[in-house]
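Below: one structure, written as C-alpha cells.
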Amino acid sequence: MSRLTGIEPKERDLKWAVWYLIIEAACKKMALPVPDPEEVYEELQMLPTAFIEKIRAILGLTSDQYLVVGFDEVGVLDSVHKFFDIDNFRGRIGPYYNFFGIVRILCELPHFFPIIVGKCEGLNVRNYLDQASIEEHLEKSTFKNTPVSSVLCHRDFSINHLSELLLEYADGVPGLIVGAVSVLLKYVAATPNVSFTRESIESILSDPTNAEKCVAPYYLSRLEGLSDTRKVTMKKLILSHLYYSAYVFDLLTDFGLYRREYSKPGEREMCQVSIPKLLACFLETQLETDTLSALLFRTIRAQPVHFLHESRCRVLEGFVATKFYLSLALRRYENSLLSTLSQLSLVWSRMNLEFPTDSASFHVMPSIHFQEASEEQEGASGKRTTFGPNEWERIVAEELPYNKIYIPMHATSNGPDILFKLREHINNETLLVGIACKGRWSSRGLGWDDILDEIGKFMIPVFEQVLSKNQNIHCMLIILSTKLAYNVAAELNQTSRCYTPGNKLPQGIDIPERCELVILCEEDVENFIGKSILSGLREAFTLTDNPSLKVIENPVLKDMVLSLDQMSRKRLS
C-alpha cells in the first residue's frame, strides 16, 4: 500500500488504484510484464468478478483455490487520501470506510481472503484473528457448496472446539489459518466420512509435511535465506518469547513474523511478536542438528499460546533453566557446575544426570514447562501465587515428572524459581531440586536473611509434607545469586559449599534430615553463566528487580544465545 497512487484513466478513483496495485503486484510475483492501465481498465469494466478472474489468471489459480491478498501499510491512507475522491464519513476514518468497502465487495466472491495490516491514526487495524473471527471465517467459507464449519465439525466436535484449536496452532495469523483449514479439507477429500476429534486434528497439524504446507508460502523463503548472523538473531527472538513478553519491532520484516496488539489497563498499546505452533512444528524438523533451536521450538510447540504470551518468566531463571537442561540432556558434556555439585553432594553424585534427548521424549515431556498459576484467590498483596505453601506433597507426586524442568508461569513467593526431579535407579531414590535464582548487584548482595527465607519456603515445608512420609526422597536447595553479601562470601571462603544435616548455618538454623543446601560462590556462578553475561545481569538488576529483555543490553542477550548455542553444538553422538 505504500506505493498507492492515482492511476489513469480514473486517477482519483481509490477502487481502481487499489485494483491496479494488486494486478501490478501479481505480475511482479510471477515475473510477468505489467499491463497498460488503460487496457486493463477497458478489459475489466470495473466488474469485481472480472477483476478476480484476472488475478487468478495471472497467478495460475483455479476457481476453487483460495486467493489470499495481503494489504500491508494501510496507514498510508492517512496521508494519500487527499489524492482520491473520498466519502466524508466521520472525519479521519473516511478513507478507511472507502477502502474496506472496496475489500468487502471482493469478499463476497468465492475463496477470496484479505489480510489487512498497518498502524494508522484513523483506524486501529489488527493483523491477526481472534476466535470469533475464525468462527465467522469457518461459517462463511464453503467446500463443495457446504459451509466449512459443517464439513469439519459435528455434534461432538463443535465449531468452538475447532476455532480454539486453530487459534492455538496458527496464533491468529490469517494465512496460517487458511493453510490449516486447507490441509484439513484435503484430508476430508481423501478420507470420506472422517469424524474429527481434537486429538486427530492435532496429529494432522503437527505432522511435519502438513506443517510445511501451511508455513512454506509465508515463511520458508525468508528463513532459508538467513545468514548465520541472522540465525543467531532469530534465537534471540525466541529466547525473548520464552523468557519474557518482549516487544520486537525490527525483526518482523526479516523473518516475516506477525505482530499482535497487546495492552493492559492503564498501559499504552504495544506490539508482540507471534511465533505460532505451526511454525514451531515446521522449524523443529528443519533444525534437528541444532539442539538449542530444537529445544526452544519444541517448548513453544508444547505450550498453549496464552502461556507464552502472558509468561512472566524472568530472564535470569530462564537462562539458568535452559543451561541446566542442556547440561543434563547433552550426554557426557563436561560442565563445571555439575562436577562441582557431584563433589559437594553424595546424593547428587548418585543420581542419573542424563535427560533424554530423543524426539519422542521431547514431544511427550516438553523440556521447559511454564506451570500455569492455580485458581487460587489473590492475596492481600494483589499478586497471584503459582502454588500454595501446603501443596508440596501433591506437587512432588503429581505435578513434577522426572526429566522435565519447571519454571512457574508467575513469580511465586511459595517456592524456588526452578524445580526438577532426578532419579537414582539402583535404590529407587529421588532427589527434588529447587534452584533459587536471585538477582543482586555490587551494593546489595544476597544476605543470610534472604537465604533463610528460601529455606523457610521450600526446604522446611518439603521436609514436613513429603520427606517425613517417604524415606526414599531427598531435597536439595541451590542458591544461585548474581552477587553475594560480604558476610556470606566470607563464610563460604570464596568456594561453593554444601550444608548437610548436622551443619548449622550462621543464624543457628539446622538443616533437616535428607536435605542439602548448596550455596554457589560467585566464581562458580560466573563460570556457569559467563563473565560478560553476569556483569550485564548485575547492571540490569540495579534498575529493576525483574528486568525484561528491553532493559538488558543487546550484546548481553547475544552472549546468552552464543553461550547456549556453544553448549548445544558440543553435543557428543
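Bear in mind that the values in this text are calculations on the coordinates, not laboratory data. Given the structure is predicted, the values throughout are model-derived calculations rather than measurements. Reconstructed Cβ throughout: ideal geometry from the backbone, glycine too, with neighbour counts over all protein chains shown.
Which stretch or stretches of region 445-487 have amide N atoms under 19 Å from the point lying 7 Å from Asn390's Cα along the Cα→Cβ direction? Hits in region 445-487 for Asn390 at 19 Å: 456-469. Segment Asp449..Glu513, full-extension length gain: 20.9 nm, with 0.36 nm per residue of separation and the alpha-carbon distance subtracted. Inter-label distance, Thr146 to Leu59: 2.6 nm, where each label sits 7 Å from its Cα along the C-beta direction. Spin-label pair Ser336-Glu139: with each label point 7 Å from Cα along the Cα-Cβ axis, the two points sit 6.3 nm from one another. With the simple model of a label 7 Å out from the Cα in the direction of the Cβ, Glu24 to Asn352 spans 6.5 nm.
For the cross-link pairs Lys10/Lys54; Lys421/Lys531; Lys10/Lys140; Lys213/Lys404, the ones whose C-alpha atoms lie over 22 Å apart are Lys421/Lys531; Lys10/Lys140; Lys213/Lys404. Rounded to the nearest 20, the Cβ-based charge dipole of region 437-530 about its Cα centre (Lys and Arg +1, Asp and Glu -1) stands at 140 debye. Using r as the Cβ-Cβ distance of Leu109 and Asp36, and R0 as 35 Å, what FRET efficiency do you calculate, to the nearest 0.05? Working from the Cβ atoms, E equals 0.90.
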